[in-house]
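Asks: Sharing a structure with you now.
All of the numbers you see were taken from the coordinates with simple rules; none came from a lab. These numbers come from a predicted model, not from an experiment. A quick note on method: Cβ atoms are made from the backbone with ideal geometry, for glycine too, and the neighbour counts reach across all protein chains shown.
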């Protein structure tokens with residue numbers, strides 16, 4: 001059993017990963033500034049797992065507070081989720097993204113070096129591949145970025161690789177996510193966008209629940225089977241389990257990059273139809289012109305992660321939609337819905 005320090009652990013992927021860590025028997029310490037998350041999510045995780053999480057509210061850019069929290073936690077490894085992730089927002093407010101995602105990662109690495117913690121799992125993104133040159137995308141694909149968010153992830157990756165070359169006794173795993181969706185099957189934790197959702201499935205879910213009038217589909221003339229964009233969607237629980245596998249992996253010091261996806265793509269219309277099936281709702285939509293920078297298709301090669309982590313995504317699109325709808329239906333306003341499910345609704 002390990003003691004794991006999780007930055008940004010109160011967020012969407014963070015809460016699901018904390019749950020899987022607890023279920024695997026690990027101790028979890030969460031450090032989060034709650035700028036885009038809720039303490040209620042962690043309270044629900046504790047209820048589902050019947051286990052406690054140590055929590056400290058703090059910002060990863062606050063060097064003294066972060067170093068103190070890491071020292072007091074006595075953790076032996078770190079999972080780093082704390083980062084801003086909205087592509088559009090990164091274009092309009094790039095300095096905030098560079099400060100949080102790049103400076104924050106630098107501050108964390110410095111704190112880890114000070115304390116002597118040398119094992120890190122880093123939350124990266126498929127955006128570091130830029131526009132796909134070939135499909136499926138494997139880890140040897142060329143790296144580039146088409147927006148500030150992607151560049152902050154790529155810079156952070158470069159920082160990790162440079163740090164490892166200088167400190168080869170570290171163990172760094174860089175996980176490149178494709179498109180996380182869904183929610184825990186209990187319906188107690190899920191994605192809770194603070195403003196307009198930046199991703200497809202939470203937007204569809206808000207249309208289904210009546211919070212939004214319709215879905216805008218950007219482009220229906222791509223060279224794909226139905227003309228809409230194709231992406232690799234992965235259930236957030238599968239993604240969380242991938243993090244547990246990464247943190248538990250016994251390996252010599254190294255810095256390694258791994259894709260986490262399903263290895264197949266679904267179009268916007270395929271996701272929409274699957275969500276209609278899961279929810280029993282009709283999703284209104286409108287086709288609009290392509291957005292600049294969007295690509296026709298993007299999906300992962302997952303062979304490396306399957307080999308290294310002994311991990312594979314198991315949940316299909318139907319499960320992704322069913323679980324996401326259960327969360328949205330039971331929590332129409334997210335964690336602010338002011339409801340309290342009986343403990344029997346939490347699926348062990």
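Asks: What share of the DSSP beta bridges in the range 3-345 is antiparallel, in percent to the nearest 5?
Replies: Numbers: 2 of 43 bridges.
That works out to approximately 5 percent antiparallel.
Asks: For the chain, what does the helix formula give at 222 nm: sum of -39500 (n - 2.57) over DSSP H segments with n ≥ 4, over the residue count, nearest 500 deg cm²/dmol?
Replies: -11500 deg cm²/dmol
Asks: Then there is this: On full extension of the chain, what length is gained from residue 113 through residue 134, given 0.36 nm per residue of separation minus the C-alpha to C-alpha distance?
Replies: 3.8 nm
Asks: Here is a follow-up. Stokes-Einstein D for the range 85-197 at 10 °C, 1.306 mPa s, Kirkwood Rh over Cα pairs, in µm²/s?
Replies: Rounded to a whole number, D works out at 101 µm²/s.
Asks: Could you work out which residue, out of 290, 312, 231, moves most in a Gaussian network model of the chain, that is, has the largest mean-square fluctuation with Cα springs under 10 Å?
Replies: Of 290, 312, 231, the Gaussian network model singles out 290 as fluctuating most.
Asks: Ranked highest first by average number of other Cβ atoms within 10 Å, how do 191-203, 18-30 line up?
Replies: 18-30, 191-203
Asks: Still on this structure, I have one more. Only one of the values [x] 30, 24, 18; [y] 78, 19, 16; [z] 33, 22, 19 was calculated from this structure for semi-axes √(5λ) of the Cα gyration tensor in Å; name its label.
Replies: Computing semi-axes √(5λ) of the Cα gyration tensor in Å and matching it to [x] 30, 24, 18; [y] 78, 19, 16; [z] 33, 22, 19 gives [x].
Asks: Take every Cα pair under 8 Å in the chain that's 6+ residues apart, average their separations, divide by the length, and report that relative contact order as a whole percent.
Replies: Contact order relative to length: 20 percent.
Asks: Follow-up question, since we're still on this one. I need the fraction of alpha carbon pairs in the range 24-97 separated by more than 18 Å, rounded to a whole percent.
Replies: Summing the P(r) tail past 18 Å for the range 24-97 gives 50 percent.
Asks: Now, a different point. I'd like to compare 126-133, 296-303, 171-178: which one has the highest average count of other Cβ atoms within 10 Å, and what's the full order after that?
Replies: For the peptides 126-133, 296-303, 171-178, the packing ranking is 171-178, 296-303, 126-133.
Asks: A further question on this structure: Express in nm, to one decimal, how much length is gained between residue 213 and residue 273 on full extension, taking 0.36 nm for each residue of separation and deducting their alpha carbon distance.
Replies: Gain on extension, residue 213 to residue 273, equals 19.9 nm.
Asks: Please give the Cα centre distance for the range 152-193 versus the range 205-255, rounded to the nearest Å.
Replies: After rounding, the separation between the Cα centres reads 14 Å.
Asks: Sorted by packing (mean other beta-carbon atoms within 10 Å per residue), highest first, where do 217-227, 324-334, 47-57 land?
Replies: For the peptides 217-227, 324-334, 47-57, the packing ranking is 324-334, 47-57, 217-227.
Asks: Additional query: Kindly state, to the nearest 0.05, the FRET efficiency for residue 310 paired with residue 1, given R0 = 22 Å and r defined as their beta-carbon distance. Intermediate values should be presented prior to the final figure.
Replies: Details: r = 19 Å, r/R0 = 0.87.
E between residue 310 and residue 1, to the nearest 0.05, is 0.70.
Asks: How much FRET efficiency would the formula 1/(1 + (r/R0)^6) give for residue 221 and residue 68, where r is the Cβ-Cβ distance and R0 is 56 Å, rounded to 0.05?
Replies: Efficiency computed from Cβ-Cβ geometry: 0.55.
Asks: If R₀ is 25 angstrom, what is the calculated FRET efficiency for the pair residue 76 and residue 99, using the beta carbon separation as r and rounding to 0.05?
Replies: Taking R0 as 25 Å, the efficiency between residue 76 and residue 99 is 0.30.
Asks: In whole Å, what are the Cα extents of the range 1-139 along the three principal axes, biggest one first?
Replies: Each principal axis gives a Cα extent; for the range 1-139 these are 44, 32, 27 Å.
Asks: Among 211, 260, 188, whose mean-square fluctuation peaks in a Gaussian network model of the chain (Cα, cutoff 10 Å)?
Replies: 211
Asks: With each label point set 7 Å from Cα along the Cα-Cβ vector, what nm distance links residue 318 and residue 52?
Replies: The modelled label-to-label distance comes out at 4.3 nm.
Asks: Still on this structure, please answer the following. If I model a spin label at residue 143 and residue 333 as a point 7 Å from the Cα along the Cα→Cβ vector, what separation in nanometres do I get?
Replies: Computed distance between label sites residue 143 and residue 333 equals 4.3 nm.
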